[in-house]
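Before any comments, here is the structure.
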Amino acid sequence: MRGERYLGANILCIALVTGVPGLAFSSLHALRTNEPIVVDGSLSESVWRRPGFDDFHQREPKAGALPSERTEVWLAYDDGALYVASRMYDSAPESLTIRLSRRDANWDSDLFTFFVDPYHDRRSGFYFALDAAGTYYDGTLYNDEWSDNTWDGVWEGKVRIDSLGWTAEMRIPYSQLRFQTADSLVWGVNFRREIARKAESIFVVYQPKGGSGFTSRFPILTGLNGIQAASRIEVLPYVTARAEYLQHAHGDPFNDGAKYVPGMGVDLKMGLGSGLTLDGTINPDFGQVEVDPAVVNLTDVETYFNEKRPFFVEGQSIFSQFGRGGATNYWGFNWSSPEIFYSRRIGRAPQGGVPSADFADIPPGTTIIGAAKLTGKIGNSWNVGAINAVTAREFAELQTTGLRSRAEVEPPAYYGVFRAQKEFNEARQALGAIATVTARQLSGSRLRDEMNTSALVAGLDGWTFLDSTKTWVVTGWGTMSHVRGTETDITSLQTNSQHYLQRPDARTLGVDSSATSMTGFAGRLYVNKQQGDVVFNAALGVISPRFENNDLGFLWRSDIINMHVGTGHKWPNPSSWFHDMFLAASAFRSYNFDRDIIWEGLFGIWEITFLNFYELEIVGAYNPQTSNNRRTRGGPITLNTSGYELDLEFQTDSRKDWVFGVRTFSYKDRFLSWSVNADMTWRPSSNLSLSIGPGFEHRGDYAQYVTTVTDPLATATYGHRYVMANLQQSTVSANIRLNWTFTPKLSLQLFMQPLISVADYSEFKEVARPRSLDYLVYGTDGSTITQAGQSYIVDPDGSGPAQAFAYGNPDFNLRSFRGNAVLRWEYLPGSTLYLVWTQSRADQEETGSFQFRRSFRRMLDAQPDNIFMIKLTYWWGS
């Protein structure tokens, strides 16, 4: 009884130190409890029956106003965990928005969130949330304002609905938090409640509209005495069974249509000291992740796919946010920053060429033998991270005329990424470093001329605020790359689509065919105003022609100097006709290293949320005539005609059971390209959501690349003929998702994507002269073109001396269907059973005729590949 009285008097005390509602730094004090707490949402323990803290203020819709409904919160702790409880009073509990969804999938429900900054560095932390249906939400906080929901902690939470409203109760083990060990701890904490039907958000302390900083505003929590960071050891073994039913050619000795594959492995997590976490995986399996969507890519740029594998997704912000700290806005126009670490390079499909054979069995991915990841903090100001992975040698099994053989298609490889960042002066400045290393065992391998032997990328980043109020900030990064390989490999690297060093009219480029290494650099500098209603953003970036980071990163292009300057105005508070509004404009330009202007323009955007929470965005841009150093794919420069862009996006109130959105894009130069994509979401019940996103895209191009033909007589274009064509491409697709959540621990996800894409090439022609809009259309000016089956035969000068040449018909009609279903059951905290079904089917014809009904029927008639998998994991932790 004495312990209860002691706790009841001191469970939570608040002392405001400034008088601004909702913006004040506050002090919270909590004391230990010896009373067992059962996490069931009933708040029946004596510690929750004392008066709680209820001094909340609105951020939305009216900043600083008192809440429309009262909220009380309590905190308690013992030797093993922190406990959080909340009573959300509601004058109309029958009107609560209660939608049960899978973990971290917010369906605009009533929500309660607890934020904690256990390092008290005022920049990072964790959040834990429960909605009124009991759905779990959790993640990490970083860069003072940003959050990442890829982290899934192991904690307990329950909610209850009653006549007064609803309650939430949480138990958060210390093993799930990261904090420095001390006799007396000081943390930062905050609370948020979302009242969905009123679009109301209330906080103890909130980030002001037009201001910056969230974690740095948290009230401090004191009184945490005598607690120790847990040992934090977690082991997650798993077993899998996979059945594959795949299409196969008659007589294929490697595939009879059925394959059964068992598997097992283990993931582990271990705390190293109070601030670091070591994650490891042996023989990982990621069969439960959603399939990548089908993409028809006619460009010279590799398609980028997001990472979905849990081991690499969780905690990735320490690596992915290289160059993006301090500032919270990063505008870019015709600029794609090199991704220094692109984790999908680890375990990707083998990259080596396959010798010609009657039958071949090629591994779909490279086996990851093992991987380890270290993330966390050293002290209160050092953020560190490292990933090390080893992949296996892979072979393709071949058979030709009955003889079996095999060919290496991927060598053994090591991948490493290392990251560190130091913050100074209460995070007003920071300096960081990153390095990635790739090393392949290619000695004596047939692959030594096909891929780099080694690759190193190293860089620095940082930021500094220019004033005491943290209104202006300068952020920047710079990197160097160095790759090594054989002369053949490095020559191929210099001429690939990221570099095009062979461009014949370039003044500063050139291919060194004797080189066995290549070195380049890249960097970018930003200036950002991030407080107040007026915004400003400017940047200057550069990627040198020989920069290369694709071994463990992602590079869209090199040879670019890019810059922009932009400004805008925010109206963050409601008026008589809108809830909030934003208007901005910018000017931008890009050069190559020859100082050719390769893109420039003016850009404007208007965003508005109306009082009924419908949203509208309108974007417009103008691009004058510029040079194009990529259209001929390593050939001479051509010109881009001037063009105009107009985009529109509209969405209805996302809180409703029916939500509709539409996005349109249009760009007009010589041809018109346009697209319309809709998104319709229906929630027929509180635990079921169906989303259908149909889309249609039409792409028109007056000079789509077809092929390059060597001809010494084509002196105007440096001994090559660069064949182009008019392109009319139409693509219809849909993304269909079904989410059915039976309980907070049991859910079913279904994803389907049908796609039909048709391309019609016409008016074949060749570049007449560099740096112009002039083309020789085949069939005119004495040239001839004839079609013979699925080939075209061209004589560029008729009876003249030039030799005729042929190329295949590039028209296509592609039909694809991809989908998967995942049943996920967390049968114990951290332990999960997955049942997965994946299907894909495809069909293709060499015709540019768009006939939707025929294409759709052929897509459905195509024979499918089916994969079924069961995966069982068991979590053990201390």
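The values are calculated or read from the model by the stated rules, or taken from the named source; none is laboratory data. The structure presented is a predicted model; accordingly, all values stated were derived computationally and were not measured. Cβ: placed from backbone, ideal geometry, glycine included. Neighbour counts: every protein chain shown. Accessible surface areas use protein heavy atoms only, side chains included; no ligands, DNA or RNA. Shrake-Rupley method; radii C 1.70, N 1.55, O 1.52, S 1.80 Å.
Quick check on the chain: helices-only [θ] at 222 nm, where DSSP H runs of length 4 and up contribute -39,500 (n - 2.57) each and the sum goes over total residues. Nearest 500, please.
Estimated from H runs of four or more residues: -1000 deg cm²/dmol.
Straight-line reach only, C-alpha to C-alpha below 26 angstrom: list the lysines that LYS198 could link to, leaving out same-chain residues fewer than 8 apart.
Qualifying lysines at Cα under 26 Å: LYS62, LYS158, LYS209, LYS570, LYS656.
Tabulate in residue order the Karplus-calculated ³J(HN,Hα) for region 77-82, using 6.51 cos²θ - 1.76 cosθ + 1.60 with θ = phi - 60°, rounded to whole Hz; enter x for Gly and Pro.
8, 9, 5, x, 7, 9
Please report, in debye to the nearest 20, how large the charge dipole of the chain is about its Cα centre when each Lys and Arg carries +1 at its beta carbon and each Asp and Glu carries -1 there.
1080 debye
Over region 726-870, with the other protein chains present, what is the accessible area per residue in square angstrom, probe 1.4 angstrom?
47 Å²
Going toward the positive end of the dipole of the chain, with +1 on Lys and Arg Cβ and -1 on Asp and Glu Cβ, which of VAL836, GLY251, GLN729 do you reach last?
Toward the positive end, the furthest listed residue is VAL836.
Suppose a student asked you for the relative contact order of the chain, using Cα pairs under 8 Å spaced at least 6 residues apart; what percent would you report?
Reported as a whole number, the value is 9 percent.
What ranking of HIS499, HIS698, HIS29 comes out by heavy-atom accessible area, probe 1.4 Å, highest first?
HIS29, HIS698, HIS499
Please get the size of the charge dipole for region 213-276, origin at its Cα centre, with Cβ charges of +1 on Lys and Arg and -1 on Asp and Glu, quoted in debye to the nearest 20.
Around 440 debye, computed over region 213-276.
State log₁₀ I(q)/I(0) for region 308-363 at q = 0.25, 0.29 Å⁻¹ as given by the Debye formula over alpha-carbon point scatterers of equal weight, solvent excluded.
For region 308-363, the Cα-only Debye profile gives -1.12, -1.25.
Quote the charge dipole size of region 406-483 about the Cα centre in Debye, to the nearest 20; the model charges only the Cβ of Lys and Arg (+1) and of Asp and Glu (-1).
Charge dipole of region 406-483: 140 debye, to the nearest 20.
Could you give the longest part of the chain that holds none of the trypsin sites (Lys or Arg not before Pro) found in DSSP loops with at most 11 neighbouring Cβ atoms within 10 Å?
Formally, the longest exposed-site-free interval is 1-506.
Can you give me the solvent accessible area of ASP711 with a 1.4 Å probe, rounded to the nearest 10 Å²?
Roughly 20 Å² of ASP711 is accessible to a 1.4 Å probe.
Taking just the alpha carbons, could you work out the radius of gyration and Dmax for region 98-203, both in angstroms?
Over region 98-203's Cα set, Rg and Dmax evaluate to 14.3, 44 Å.
Could you do me a favour and compute the accessible area per residue for region 529-686, 1.4 Å probe, result in Å²?
Solvent-accessible surface per residue comes out at 43 Å².
Please give the net charge around THR391, taking every other residue with its beta carbon less than 14 angstrom from that of THR391, where Lys and Arg add +1 and Asp and Glu add -1.
My count for the surroundings of THR391 gives +2.
Rounded to the nearest percent, how much of the accessible area of the chain (1.4 Å probe, protein heavy atoms only) is carbon and sulfur?
Carbon-and-sulfur percentage of accessible area, whole number: 56.
For a test of the definition: using alpha carbon positions, the gyration tensor, and the 1.5 limit on a/c, classify region 245-387 as rounded, prolate or oblate.
oblate
With respect to the cross-link table entries LYS373/LYS745; LYS269/LYS529; LYS373/LYS871, which display a Cα-Cα separation exceeding 32 Å?
Beyond 32 Å between Cα atoms: LYS269/LYS529.
Any idea which of GLN399, VAL235, LEU823 is furthest toward the positive side of the dipole for the chain, if Lys and Arg beta-carbons carry +1 and Asp and Glu beta-carbons -1?
Projecting each Cα onto the dipole axis, the largest value belongs to VAL235.
Just report the Cα centroid separation between region 678-728 and region 783-799, whole Å.
Using only Cα atoms, the two centres lie 25 Å from each other.
Among ILE318, ALA360, PRO293, whose Cα lies farthest out toward the positive end of the dipole of region 248-360, if unit charges sit on the beta carbon of Lys, Arg (+1) and Asp, Glu (-1)?
Among ILE318, ALA360, PRO293, the one farthest towards the positive end of the dipole of region 248-360 is ILE318.
Using only the Cα atoms of region 675-739, each taken as one equal point scatterer with no solvent, compute I(q) by the Debye sum, divide by I(0), and report log10 of the ratio at q = 0.14 Å⁻¹.
-0.62
Using the Cβ atoms and a cut-off under 11 Å, what net charge is assigned to the surroundings of ALA725, where Lys and Arg are +1 and Asp and Glu are -1?
-4
In square angstrom, what is the accessible area per residue of region 236-376 with a 1.4 angstrom probe?
Per-residue value: 45 Å².
Could you give the alpha-carbon Rg of region 267-348 over 2.2 N^0.38 Å, rounded to two decimals?
Rg over 2.2 N^0.38 Å, computed on Cα atoms: 1.38.
Of the labelled options (i) 48; (ii) 22; (iii) 28, which one gives percent of Cα pairs over 51 Å apart as computed for this structure?
Correct label, based on the coordinates given: (ii).
Protein chains only, probe 1.4 Å: how do LEU246, LEU713, LEU835 rank by accessible area, largest first?
The residues order as LEU713, LEU835, LEU246, largest area first.
For region 720-878, evaluate the Debye formula with one uniform point scatterer on each Cα (no solvent term) and list log10 I(q)/I(0) at q = 0.08, 0.12, 0.13, 0.14 Å⁻¹, rounded to two decimals.
With one equal scatterer per Cα and no solvent, log10 I(q)/I(0) is -0.47, -0.72, -0.77, -0.83.
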